[in-house]
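To start, the structure under review is shown below, and the notes come after it.
The values are calculated or read from the model by the stated rules, or taken from the named source; none is laboratory data. The model shown is predicted, which means the values in this text are computed figures rather than measured ones. Ideal geometry is used to build each Cβ from the backbone, glycine not excepted, and the neighbour counts take in all protein chains shown. Areas reflect the complete protein model, heavy atoms only, side chains present, ligands, DNA and RNA absent. Shrake-Rupley method; radii C 1.70, N 1.55, O 1.52, S 1.80 Å.
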Amino acid sequence: MSEAVEEHGVKKAAPVGIDLDRLAATFADFGLGVPAAITELLGGGARSFRIDRVDGQPVVLKVFNDALPYATGKETYASQLLRDLDVPMTRFLASDETRTRMPFRYTIANYLPGRQVMTFKDAPDVGDLYRQMGEMLRKLHTVPVPGYGAFDADGLHDPVSTNTEYLARRFAHGIGQFRRYGGGEALAQRLEAIFAAHADVIAESRGAVFAHDDFQPHNVLAERDANGRLQLTGLLDFGNARASDPICDLAKALFCSEHDAPGSTPHIRAGYGAFDHPDPEAALWIYTLVHRVTMWMWLRHVGVILEGERHDLMGDLEAMAEAGAYTA
(Lines give C-alpha, C1' and ligand atoms only; values in the text may rest on other atoms or scores of the structure.)
Protein backbone atom coordinates (compact mmCIF):
# COMPACT_ATOMS: atom_id res chain seq x y z
CA MET A 1 0.00 0.00 0.00
CA SER A 2 1.03 3.61 -0.40
CA GLU A 3 1.06 5.98 2.53
CA ALA A 4 0.76 9.73 2.03
CA VAL A 5 2.12 12.04 4.70
CA GLU A 6 0.87 15.40 5.90
CA GLU A 7 2.82 18.55 5.08
CA HIS A 8 1.57 21.96 6.24
CA GLY A 9 -1.82 20.42 6.96
CA VAL A 10 -2.27 18.96 3.46
CA LYS A 11 -2.16 15.27 2.58
CA LYS A 12 0.20 14.63 -0.34
CA ALA A 13 -0.85 11.53 -2.26
CA ALA A 14 1.56 9.49 -4.36
CA PRO A 15 1.54 10.54 -8.04
CA VAL A 16 -0.41 8.43 -10.50
CA GLY A 17 1.60 5.45 -11.66
CA ILE A 18 3.32 4.49 -8.40
CA ASP A 19 1.95 1.15 -7.29
CA LEU A 20 3.70 -1.84 -5.82
CA ASP A 21 3.18 -4.14 -8.81
CA ARG A 22 4.77 -1.75 -11.28
CA LEU A 23 7.43 -0.78 -8.79
CA ALA A 24 8.22 -4.46 -8.18
CA ALA A 25 8.87 -4.99 -11.90
CA THR A 26 11.13 -1.92 -11.98
CA PHE A 27 13.08 -3.08 -8.93
CA ALA A 28 13.47 -6.54 -10.48
CA ASP A 29 14.99 -4.98 -13.61
CA PHE A 30 17.62 -3.26 -11.49
CA GLY A 31 18.17 -6.16 -9.08
CA LEU A 32 16.95 -4.09 -6.14
CA GLY A 33 14.85 -6.69 -4.35
CA VAL A 34 11.13 -6.62 -3.58
CA PRO A 35 9.36 -3.38 -2.53
CA ALA A 36 6.90 -3.69 0.34
CA ALA A 37 5.60 -0.19 1.12
CA ILE A 38 5.76 3.39 -0.17
CA THR A 39 5.88 6.46 2.11
CA GLU A 40 6.26 10.01 0.85
CA LEU A 41 9.06 12.05 2.42
CA LEU A 42 8.82 15.73 3.30
CA GLY A 43 10.79 18.51 1.68
CA GLY A 44 12.73 18.97 -1.52
CA GLY A 45 11.85 20.35 -4.94
CA ALA A 46 11.18 16.90 -6.41
CA ARG A 47 8.81 14.41 -4.75
CA SER A 48 10.64 11.66 -2.89
CA PHE A 49 9.40 8.37 -1.46
CA ARG A 50 10.84 5.91 1.00
CA ILE A 51 10.52 2.40 -0.40
CA ASP A 52 10.67 -0.32 2.23
CA ARG A 53 11.86 -3.65 0.86
CA VAL A 54 11.10 -7.22 1.87
CA ASP A 55 14.72 -8.30 1.70
CA GLY A 56 16.89 -5.26 2.33
CA GLN A 57 17.33 -1.75 3.66
CA PRO A 58 14.89 0.92 2.48
CA VAL A 59 15.74 3.06 -0.55
CA VAL A 60 14.52 6.41 -1.86
CA LEU A 61 12.64 6.90 -5.13
CA LYS A 62 12.90 10.51 -6.36
CA VAL A 63 10.37 11.54 -9.02
CA PHE A 64 11.05 14.49 -11.34
CA ASN A 65 8.47 16.93 -12.64
CA ASP A 66 8.54 17.16 -16.43
CA ALA A 67 7.66 20.86 -16.19
CA LEU A 68 11.18 21.51 -14.87
CA PRO A 69 14.27 21.10 -17.11
CA TYR A 70 16.08 18.64 -14.88
CA ALA A 71 18.32 15.82 -16.08
CA THR A 72 18.81 12.99 -13.60
CA GLY A 73 22.17 12.14 -15.17
CA LYS A 74 23.70 15.37 -13.88
CA GLU A 75 22.97 14.48 -10.28
CA THR A 76 24.24 10.92 -10.59
CA TYR A 77 27.44 12.11 -12.29
CA ALA A 78 28.05 14.71 -9.58
CA SER A 79 27.59 12.17 -6.79
CA GLN A 80 30.09 9.81 -8.44
CA LEU A 81 32.81 12.43 -8.02
CA LEU A 82 32.41 11.97 -4.26
CA ARG A 83 32.33 8.17 -4.28
CA ASP A 84 35.63 7.84 -2.36
CA LEU A 85 34.87 10.59 0.13
CA ASP A 86 34.12 9.72 3.75
CA VAL A 87 30.83 11.62 3.85
CA PRO A 88 27.35 10.18 4.49
CA MET A 89 25.49 11.11 1.33
CA THR A 90 23.05 10.11 -1.37
CA ARG A 91 24.51 7.28 -3.44
CA PHE A 92 22.53 6.39 -6.56
CA LEU A 93 21.52 2.82 -7.33
CA ALA A 94 19.54 3.48 -10.52
CA SER A 95 18.41 6.29 -12.81
CA ASP A 96 15.91 6.24 -15.68
CA GLU A 97 14.86 8.98 -18.09
CA THR A 98 13.01 6.70 -20.55
CA ARG A 99 9.54 6.52 -18.90
CA THR A 100 9.32 2.90 -20.09
CA ARG A 101 9.28 1.28 -16.64
CA MET A 102 7.42 4.09 -14.84
CA PRO A 103 5.52 7.04 -16.35
CA PHE A 104 8.02 9.61 -15.09
CA ARG A 105 11.76 10.21 -14.77
CA TYR A 106 13.31 9.06 -11.51
CA THR A 107 16.34 8.05 -9.50
CA ILE A 108 16.67 5.36 -6.84
CA ALA A 109 19.19 5.90 -4.06
CA ASN A 110 20.17 4.73 -0.59
CA TYR A 111 17.98 5.81 2.31
CA LEU A 112 19.65 8.17 4.79
CA PRO A 113 18.37 8.34 8.38
CA GLY A 114 17.65 11.55 10.22
CA ARG A 115 15.79 14.80 9.67
CA GLN A 116 16.73 18.01 7.92
CA VAL A 117 19.13 20.07 10.01
CA MET A 118 16.61 22.89 9.69
CA THR A 119 14.24 21.05 12.03
CA PHE A 120 16.81 21.32 14.85
CA LYS A 121 17.15 25.11 14.57
CA ASP A 122 15.71 25.71 18.06
CA ALA A 123 17.84 23.05 19.77
CA PRO A 124 20.28 24.58 22.28
CA ASP A 125 23.16 22.58 20.78
CA VAL A 126 22.36 23.20 17.10
CA GLY A 127 25.58 25.20 16.75
CA ASP A 128 27.44 21.88 16.87
CA LEU A 129 25.51 20.73 13.80
CA TYR A 130 26.42 23.89 11.92
CA ARG A 131 30.08 23.35 12.83
CA GLN A 132 29.84 19.81 11.45
CA MET A 133 28.31 21.26 8.29
CA GLY A 134 31.39 23.42 7.86
CA GLU A 135 33.61 20.38 8.28
CA MET A 136 31.57 18.44 5.73
CA LEU A 137 31.71 21.27 3.19
CA ARG A 138 35.49 21.46 3.60
CA LYS A 139 35.68 17.74 2.74
CA LEU A 140 33.66 18.29 -0.44
CA HIS A 141 36.12 20.97 -1.46
CA THR A 142 39.04 18.53 -1.34
CA VAL A 143 37.77 16.97 -4.59
CA PRO A 144 39.49 18.76 -7.51
CA VAL A 145 37.85 19.18 -10.92
CA PRO A 146 39.85 20.04 -14.09
CA GLY A 147 37.99 23.18 -15.08
CA TYR A 148 35.21 25.55 -14.01
CA GLY A 149 31.63 25.01 -15.11
CA ALA A 150 28.36 23.16 -14.69
CA PHE A 151 28.00 19.39 -14.74
CA ASP A 152 25.86 17.36 -17.08
CA ALA A 153 25.41 13.60 -17.34
CA ASP A 154 28.81 13.17 -19.02
CA GLY A 155 30.96 15.58 -17.02
CA LEU A 156 31.78 19.27 -17.26
CA HIS A 157 29.63 21.14 -19.75
CA ASP A 158 31.44 23.87 -21.72
CA PRO A 159 34.15 24.34 -19.05
CA VAL A 160 36.63 27.21 -18.84
CA SER A 161 40.11 27.20 -17.34
CA THR A 162 39.95 30.25 -15.06
CA ASN A 163 37.69 31.44 -12.29
CA THR A 164 37.74 34.93 -13.83
CA GLU A 165 36.15 33.70 -17.06
CA TYR A 166 33.68 31.44 -15.30
CA LEU A 167 32.45 34.04 -12.80
CA ALA A 168 32.23 36.70 -15.52
CA ARG A 169 30.02 34.40 -17.58
CA ARG A 170 27.89 33.46 -14.59
CA PHE A 171 27.48 37.05 -13.41
CA ALA A 172 26.70 38.32 -16.91
CA HIS A 173 23.83 35.86 -17.17
CA GLY A 174 22.55 36.71 -13.69
CA ILE A 175 22.66 40.49 -14.16
CA GLY A 176 21.05 40.15 -17.57
CA GLN A 177 18.13 38.31 -16.01
CA PHE A 178 18.12 40.82 -13.15
CA ARG A 179 17.46 43.55 -15.71
CA ARG A 180 14.91 41.47 -17.58
CA TYR A 181 12.86 40.88 -14.43
CA GLY A 182 12.83 44.51 -13.35
CA GLY A 183 15.76 44.79 -10.98
CA GLY A 184 16.45 48.30 -12.24
CA GLU A 185 19.03 49.64 -14.70
CA ALA A 186 20.79 52.00 -12.29
CA LEU A 187 21.30 49.29 -9.69
CA ALA A 188 22.37 46.78 -12.33
CA GLN A 189 25.03 49.19 -13.62
CA ARG A 190 26.30 49.83 -10.09
CA LEU A 191 26.54 46.11 -9.35
CA GLU A 192 28.37 45.53 -12.64
CA ALA A 193 30.90 48.21 -11.72
CA ILE A 194 31.47 46.64 -8.29
CA PHE A 195 31.95 43.21 -9.84
CA ALA A 196 34.50 44.60 -12.29
CA ALA A 197 36.35 46.42 -9.49
CA HIS A 198 36.84 43.08 -7.68
CA ALA A 199 38.50 41.34 -10.64
CA ASP A 200 41.73 40.84 -8.68
CA VAL A 201 39.87 39.18 -5.80
CA ILE A 202 38.08 36.78 -8.15
CA ALA A 203 41.30 35.97 -10.00
CA GLU A 204 42.87 34.66 -6.77
CA SER A 205 41.36 31.20 -7.13
CA ARG A 206 43.37 28.13 -6.18
CA GLY A 207 41.50 25.95 -8.68
CA ALA A 208 38.09 24.43 -9.29
CA VAL A 209 36.67 21.88 -6.87
CA PHE A 210 33.41 20.00 -6.40
CA ALA A 211 30.88 22.64 -5.34
CA HIS A 212 27.49 21.55 -4.01
CA ASP A 213 26.02 25.03 -4.68
CA ASP A 214 23.01 24.37 -2.44
CA PHE A 215 24.65 23.38 0.82
CA GLN A 216 22.25 24.56 3.54
CA PRO A 217 20.18 23.17 6.46
CA HIS A 218 17.42 21.81 4.20
CA ASN A 219 19.85 19.59 2.28
CA VAL A 220 21.71 18.05 5.21
CA LEU A 221 20.25 15.46 7.60
CA ALA A 222 20.98 14.86 11.28
CA GLU A 223 19.84 12.88 14.29
CA ARG A 224 20.88 12.36 17.91
CA ASP A 225 23.23 9.49 18.61
CA ALA A 226 23.02 7.04 21.52
CA ASN A 227 24.60 9.66 23.79
CA GLY A 228 22.15 12.35 22.76
CA ARG A 229 24.64 14.32 20.67
CA LEU A 230 23.50 15.76 17.36
CA GLN A 231 25.31 14.20 14.41
CA LEU A 232 25.07 14.76 10.66
CA THR A 233 23.71 11.67 8.91
CA GLY A 234 23.47 12.60 5.25
CA LEU A 235 24.00 15.05 2.41
CA LEU A 236 21.22 15.40 -0.17
CA ASP A 237 20.49 16.93 -3.57
CA PHE A 238 23.27 17.32 -6.12
CA GLY A 239 21.02 19.04 -8.65
CA ASN A 240 22.94 22.35 -8.44
CA ALA A 241 26.42 20.82 -8.20
CA ARG A 242 29.17 22.30 -10.35
CA ALA A 243 32.92 22.86 -10.54
CA SER A 244 33.65 26.15 -8.86
CA ASP A 245 36.00 28.06 -6.63
CA PRO A 246 35.65 26.71 -3.06
CA ILE A 247 35.26 30.16 -1.50
CA CYS A 248 32.44 30.89 -3.95
CA ASP A 249 30.68 27.73 -2.77
CA LEU A 250 31.33 28.57 0.88
CA ALA A 251 29.81 32.02 0.30
CA LYS A 252 26.67 30.40 -1.17
CA ALA A 253 26.44 28.02 1.80
CA LEU A 254 26.74 30.88 4.30
CA PHE A 255 24.28 33.07 2.39
CA CYS A 256 21.59 30.37 2.18
CA SER A 257 22.16 28.98 5.67
CA GLU A 258 22.08 32.37 7.36
CA HIS A 259 18.79 33.17 5.64
CA ASP A 260 17.09 30.04 7.01
CA ALA A 261 19.13 29.64 10.21
CA PRO A 262 20.22 33.05 11.51
CA GLY A 263 23.37 32.79 13.59
CA SER A 264 24.71 29.73 11.76
CA THR A 265 27.52 31.60 9.97
CA PRO A 266 30.18 31.67 12.74
CA HIS A 267 29.65 27.97 13.47
CA ILE A 268 29.89 26.92 9.80
CA ARG A 269 32.99 29.04 9.35
CA ALA A 270 34.59 27.58 12.48
CA GLY A 271 34.00 24.07 11.15
CA TYR A 272 35.25 24.99 7.68
CA GLY A 273 38.41 26.64 8.98
CA ALA A 274 40.77 29.15 7.40
CA PHE A 275 41.18 29.24 3.62
CA ASP A 276 43.92 30.44 1.33
CA HIS A 277 43.18 33.87 -0.11
CA PRO A 278 45.00 37.21 0.32
CA ASP A 279 41.71 38.98 1.13
CA PRO A 280 39.27 36.29 2.33
CA GLU A 281 36.53 38.62 3.58
CA ALA A 282 36.48 40.57 0.33
CA ALA A 283 36.24 37.26 -1.54
CA LEU A 284 33.24 36.13 0.50
CA TRP A 285 31.66 39.56 0.03
CA ILE A 286 31.90 39.71 -3.77
CA TYR A 287 30.80 36.09 -4.16
CA THR A 288 27.81 36.84 -1.94
CA LEU A 289 26.90 39.72 -4.24
CA VAL A 290 26.92 37.32 -7.21
CA HIS A 291 24.77 34.82 -5.31
CA ARG A 292 22.25 37.49 -4.25
CA VAL A 293 21.84 38.69 -7.83
CA THR A 294 21.38 35.10 -9.01
CA MET A 295 18.94 34.25 -6.23
CA TRP A 296 16.80 37.35 -6.80
CA MET A 297 16.47 36.71 -10.53
CA TRP A 298 15.75 33.01 -9.93
CA LEU A 299 12.99 33.75 -7.39
CA ARG A 300 11.48 36.20 -9.87
CA HIS A 301 11.75 33.59 -12.63
CA VAL A 302 9.88 30.93 -10.64
CA GLY A 303 7.29 33.38 -9.30
CA VAL A 304 8.30 33.43 -5.63
CA ILE A 305 8.95 37.16 -6.01
CA LEU A 306 6.12 38.78 -7.94
CA GLU A 307 6.52 41.64 -10.38
CA GLY A 308 6.79 44.89 -8.46
CA GLU A 309 7.10 43.11 -5.11
CA ARG A 310 9.73 44.36 -2.67
CA HIS A 311 11.95 41.57 -1.34
CA ASP A 312 14.65 41.60 1.34
CA LEU A 313 17.22 40.55 -1.27
CA MET A 314 16.75 43.85 -3.06
CA GLY A 315 17.53 45.75 0.12
CA ASP A 316 20.65 43.63 0.59
CA LEU A 317 21.81 44.36 -2.96
CA GLU A 318 21.14 48.09 -2.55
CA ALA A 319 23.18 48.10 0.66
CA MET A 320 26.06 46.33 -1.10
CA ALA A 321 25.84 48.79 -3.98
CA GLU A 322 26.06 51.68 -1.56
CA ALA A 323 29.02 50.14 0.29
CA GLY A 324 30.87 49.33 -2.94
CA ALA A 325 33.26 46.90 -1.23
CA TYR A 326 33.69 44.87 1.93
CA THR A 327 34.05 46.91 5.09
CA ALA A 328 34.79 45.34 8.48
Computed over the chain, protein heavy atoms only, probe 1.4 angstrom, the accessible area per residue in square angstrom equals 47 Å²
Extension length gain for residue 327 and residue 309 (0.36 nm per residue less Cα distance), in nm, is 3.6 nm
Rounded to the nearest 0.05, FRET efficiency between residue 168 and residue 57 (Cβ-Cβ, R0 45 Å) equals 0.50
Taking protein heavy atoms only, a 1.4 Å probe, and rounding to whole percent, the accessible area of the chain owed to carbon and sulfur comes out at 53 percent
Once the dipole of the chain is set up from charges on Cβ (+1 Lys and Arg, -1 Asp and Glu), the residue from the list 132, 39, 282 lying farthest towards its positive end is 39
Most packed first (mean Cβ within 10 Å per residue), the peptides 273-280, 229-236 order as 229-236, 273-280
Dividing the mean separation of Cα pairs under 8 Å (6+ apart) by the residue count of the chain yields a relative contact order in percent of 17 percent
Helix 126-140: inclination vs the chain longest Cα principal axis, degrees, rounded to 10, gives 90 degrees
In nm, the gap between the two label points placed 7 Å beyond Cα toward Cβ at residue 154 and residue 100 is 2.0 nm
Taking Cα atoms only, helix 20-30 is inclined relative to the longest principal axis of the chain by an angle, in degrees rounded to 10, of 70 degrees
Cross-link reach from residue 62 to aspartates and glutamates, straight Cα distance under 15 Å and at least 8 residues apart if same chain, gives 19, 40, 52, 75, 96, 97, 237
Placing +1 on each Lys and Arg Cβ and -1 on each Asp and Glu Cβ in the chain, then taking the dipole about the Cα centre, the residue among 116, 325, 18 whose Cα reaches farthest towards the positive end is 18
Helix 280-301 sits off the longest principal axis of the Cα atoms of the chain, rounded to the nearest 10 on a 0 to 90 degree scale, by 60 degrees
Computed over segment 171-263, the convex hull of the Cα set has an average projected area, in nm², of 8.3 nm²
Hits in segment 97-112: amide N under 20 Å from the 7 Å Cα→Cβ extension of residue 22, namely 97-109
Mean projected area, convex hull of alpha-carbon positions in the chain, reported to one decimal in nm², is 18.0 nm²
Given backbone amide H placed at 1.01 Å from N, residues whose amide H is under 5 Å from that of residue 208, ignoring those fewer than 5 places away on the same chain, are 145, 147
